[in-house]
Amino acid sequence: MLNLYPAQIESISLHRVGNLSKNEPIFLSATPLTLTDETTALLKEYFFKPFREKEENYFRFHNDVDVEFNEMFNWVSSFFAEVSKSHEISKKITNHLYQQSNHPHIKSGEVYVAHFTDVIIDNQKTDAIGIFKSELKHDFLEFEENMDNLEIRVHQGININKLDKGCLIFNTDKDEGYKILSVDSNRYDAKYWLENFLGLVPLADENFYTKNYLKFCQNFAKDVVLPAEDKQQEVLFMNRAVNHFAKNDAFEESSFLNEVMENPELIPEFKHYKVEKGPKYSIEDVSNFDIANKAVSDARKKIKNVIQLDTNIQIKMDFINPESAEKFVEKGWDEERQMYYYLVYFNKEQKS
């Protein structure tokens, strides 16, 4: 779990990068940015807001040979080791970003390299480096009194409610390439930020495996359970899958299949589907891992538990009590109408 509320900004260096392919220049500030209480509060909200709203999908620095060949890994390591040299290192980081800005679609923008302290991650207090980029400019109006009239001035600036690109690099797990979060609001150049500039790959931790395994199960339900059974059984399968994850601290695949797969004929289908589709979710060789509760909660919110009928009627299943859907909802076929039906049992209507 991540807690950014107690974090303090120790320093910020502000630079600007243009588009290299368009011969736009780079501007490197001579000294770090001087902050006031007002700008500190605004920048903290600007930097941290997207990370509080986004799923905690962690990354790490990577290189095909060894992580020490990743330039960003080395500069970040030097930054953490000698924070007194942070401004000079920020120039190297910004110049590296400039060298990757060589596609016509990449926008120029301001680059902020910040040092934070008192960041809490996994119940441990540490420091962090933030690298952020503001790209999109917006028009805004300013009003000015001129003698007896109020006049309008049009200016351009950034929207501090929406960060374009950013990453937080936590001073933890250095040997594995650090623990890193990244956001990118402008998807048209995602490879440029995540791969070319930072050199990141997903961190294969309990959050990664929990999220990916549930996504895999969701696609198995759609591709295999639904054609073999019906929509009700697809929903109920995902109900049972999510609840299995919710009530266990660790995942063991054989136990999962015995509890969740009511139709034993689908177990071989599941294993075959995992061989075929598992690599897409990086779970092909995974059958045991610790379960991340937050990833389960996030998955529960996204998985649809509604049967949508072509008669403009919806039946919503209960994720918390899936046995209710099995006990009190029956599916059948009406010969006279030549239509399927659902029969729903209840004692009384609940007041909303």
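Can you tell me the 0 to 90 degree angle between the C-alpha axis of helix 86-100 and the longest principal axis of the chain, rounded to 10?
For 86-100 against the chain, the angle is about 70 degrees.
Loop only by DSSP, 14 or fewer other Cβ within 10 Å of the Cβ. Give me the trypsin sites (Lys or Arg not before Pro) in segment 258-318 that pass, ordered by residue number.
Filter output for segment 258-318: LYS304.
Can you work out the FRET efficiency for the pair VAL306 and TYR5, with r the C-beta to C-beta distance and R0 = 41 Å, to the nearest 0.05?
0.70
Could you work out how far apart the two model spin labels at LYS54 and THR31 are, taking each label as a point 7 Å from the Cα in the direction of the beta carbon, and quote it in nm?
Result for the modelled spin labels: 3.3 nm.
With axes computed from alpha carbons, what is the tilt in degrees of helix 293-302 against the longest principal axis of the chain, rounded to the nearest 10 within 0 to 90?
70 degrees
With a 1.4 Å probe and all protein chains left in place, how much of the accessible area of segment 1-47 comes from carbon and sulfur atoms, in whole percent?
57 percent
Kindly report the accessible area of the chain per residue (heavy atoms of protein chains, probe 1.4 Å, no ligands, DNA or RNA), in Å².
Roughly 57 Å² per residue, with all protein chains present.
Kindly write out, for segment 221-232 in residue order, the coupling ³J(HN,Hα) from the Karplus curve 6.51 cos²θ - 1.76 cosθ + 1.60 (θ = phi - 60°), rounded to whole Hz, with x marking Gly and Pro.
3J(HN,Hα) across segment 221-232, in whole Hz: 4, 6, 8, 10, 5, 4, x, 7, 10, 6, 5, 4.
List every residue whose amide H lies under 5 Å from the amide H of GLU24, counting only residues 5 or more places away in sequence or on a different chain, with H placed 1.01 Å from N in the peptide plane.
Residues meeting the amide H criterion: ASN19.
Give the label of the value calculated from the structure for volume of the Cα convex hull per residue in Å³, choosing from (1) 243; (2) 131; (3) 144.
From the options (1) 243; (2) 131; (3) 144, the structure gives (1).
Taking the Cα centre as origin and putting +1 on Lys and Arg beta-carbons and -1 on Asp and Glu beta-carbons, what dipole magnitude results for segment 1-78, to the nearest 20 debye?
Roughly 240 debye, rounded to the nearest 20.
Put a dot 7 Å past each Cα toward the Cβ at GLN99 and SER78; how far apart are the dots in nm?
In this crude label model, SER78 to GLN99 measures out at 1.2 nm.
Counting only protein heavy atoms and using a 1.4 Å probe, what share of the accessible area of segment 132-247 belongs to carbon plus sulfur, as a whole percent?
46 percent
Quickly work out the SER254-to-ASN159 label distance, labels modelled 7 Å from Cα along the C-beta direction, and quote it in nm with one decimal.
Using points 7 Å along Cα→Cβ, the separation is 5.4 nm.
Enumerate the calculated ³J(HN,Hα) couplings along segment 161-175 in order (Karplus 6.51 cos²θ - 1.76 cosθ + 1.60, θ = phi - 60°), each rounded to whole Hz, writing x wherever the residue is Gly or Pro.
8, 9, 7, 6, 9, x, 8, 10, 10, 8, 7, 8, 6, 4, 4
Which value, in Å² rounded to 10, gives the accessible area of TYR209 with a 1.4 Å probe and all protein chains present?
50 Å²
Enumerate by residue number the GluC sites (Glu not before Pro) in segment 1-92 meeting two conditions: DSSP loop (anything except H, G, I, E, B), and at most 14 other Cβ atoms within 10 Å of the site's Cβ.
GLU55, GLU82
Could you give the angle, 0 to 90 degrees to the nearest 10, between helix 266-277's Cα long axis and the longest principal axis of the Cα atoms of the chain?
The helix 266-277 is inclined about 30 degrees to the chain.
At R0 = 30 Å, how high is the FRET efficiency between ASN219 and GLN314 if r is their beta carbon distance? Nearest 0.05 is fine. Kindly include the intermediate steps, with their values, before the conclusion.
Details: r = 22 Å, r/R0 = 0.74.
Plugging the Cβ-Cβ distance into 1/(1 + (r/R0)^6) gives 0.85.
Using θ = phi - 60° and the Karplus relation 6.51 cos²θ - 1.76 cosθ + 1.60, list the HN-Hα couplings for segment 243-256 in order, rounded to whole Hz, with x at every Gly or Pro.
Result, ordered by residue: 5, 4, 5, 5, 9, 10, 8, 9, 9, 9, 4, 5, 5, 4 Hz.
The values are calculated or read from the model by the stated rules, or taken from the named source; none is laboratory data. Being a predicted model, the structure only gives us computed values, none of them experimental. Note that each Cβ is placed from the backbone with ideal geometry, even for glycine, and that neighbours are counted across all protein chains shown. To get the accessible areas, we keep the full protein, side chains included, count just its heavy atoms, and leave off ligands, DNA and RNA. Shrake-Rupley method; radii C 1.70, N 1.55, O 1.52, S 1.80 Å.
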